[in-house]
Structure formats: C-alpha cells, structure tokens
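The values are calculated or read from the model by the stated rules, or taken from the named source; none is laboratory data. Being a predicted model, the structure only gives us computed values, none of them experimental. Every residue, glycine as well, gets a Cβ built from its backbone with ideal geometry; the counts of neighbours run over all protein chains shown. Keep in mind that these areas ignore ligands, DNA and RNA; they rest on the heavy atoms of the full protein, side chains included. Shrake-Rupley method; radii C 1.70, N 1.55, O 1.52, S 1.80 Å.
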Amino acid sequence: REPHYLDDARVAAGFALYAREVARHGRGRVLRDLRARGVAAAVAEAAVAQGFAGSQEDTLLRAHLRAKRVRRPEDARQAAALYRRLLRAGFTPAACLRALRAWKLDAEWLEMLEAIEEEPESAGGME
C-alpha cells in the first residue's frame, strides 16, 4: 500500500466543493481562501474551475442569499453593506448588482453602487 500523503489538488478540490455547496461562497472567495492556505495558484485555479463547473453564478448567489437569510435592503446604506458583503463572499460585482436589481431597489442606490464598482482602488499606503 502507498502512503496517503496530503495532496494539495485533492484537498483543494474538496474544499472548493464544500465552499460551493455548504458555505455558499462564490468563486473569488474560494480561490482567495485556497491561496491563503498556501495552495499553489495553478492548483487552486484548477480546483475552483472543477468545483464550480456547470454552476451559474446568479444561481449560486441566490442560494447564498437564501442560506444566509438575507432580507431586502431598506435604504442605501443597507444596500451598500449587502453589496460589499456579496463581494466578500466571492461573487463578481456584476452578479451582485443583478441580484440587487432583482429586488427592484431604488435606481439611485444602484447607480451609487455602480459608481463604486467603477472607481479605481486606491493604494491606501500599502505599497
């Protein structure tokens, strides 16, 4: 019998599947988490691609909202907080905005969030 040493590819594939099905995270979050755990970029990319194969981001995002019991934002501040929360969960800005549009939020709020998406990230002194 061969010893079963830790295999990054197998662990990463299992983690990606768990993150999609149980934790309800998006691709970006899973990739970020794998890289933070020391998995090589190519291995992490392959695991995420395999784990999310055949998945629609909008469907995953709606499942995330249901699983986390997220309610419709009542004002611009709550909408912005939800938008940031969805970004941290690993969903793309476009998918986040589509989800918020589905709730038929105030057009002014959505324009504000789109403007945030278009702003370039500031260096913030982290050079």
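A few notes on this one:
- Among the residues of segment 51-65, those identified as open to solvent by less than 90 Å² (accessible area, probe 1.4 Å) and out of contact with any Leu (no Cβ under 9 Å at 6 or more places or on another chain) are A53, G54, S55, E57, D58, T59, L60, A63.
- Annotation: of all residues in segment 66-87 being closer than 16 Å to R20 by Cβ and among the charged types (D, E, K, R), the one that is least open to solvent (accessible area, probe 1.4 Å) is K68.
- Applying a threshold of 6 Å to beta carbon distances and a minimum spacing of six or more residues, or different chains, the list of pairs starting in segment 93-105 at a residue that is closer than 20 Å to D75 by Cβ and ending at one that is open to solvent by 70 Å² or more (accessible area, probe 1.4 Å) reads W103/R72.
- Pairs where the first residue, in segment 35-47, is at negative phi and the second is open to solvent by 60 Å² or more (accessible area, probe 1.4 Å) and not in a loop (DSSP other than H, G, I, E, B), C-beta under 6 Å, 6+ apart: V39/D8; V43/D8; A44/R35
- Total residues in segment 93-111, condition open to solvent by 50 Å² or more (accessible area, probe 1.4 Å) and within 14 Å of R62 (Cβ to Cβ): 4
- Helices (runs of 4 or more DSSP H) enclosed by segment 26-99 - at least 3 residues per element that are under 9 Å from the mean Cα position of the chain (by Cα) and under 24 Å from A9 (Cβ atoms): 27-36
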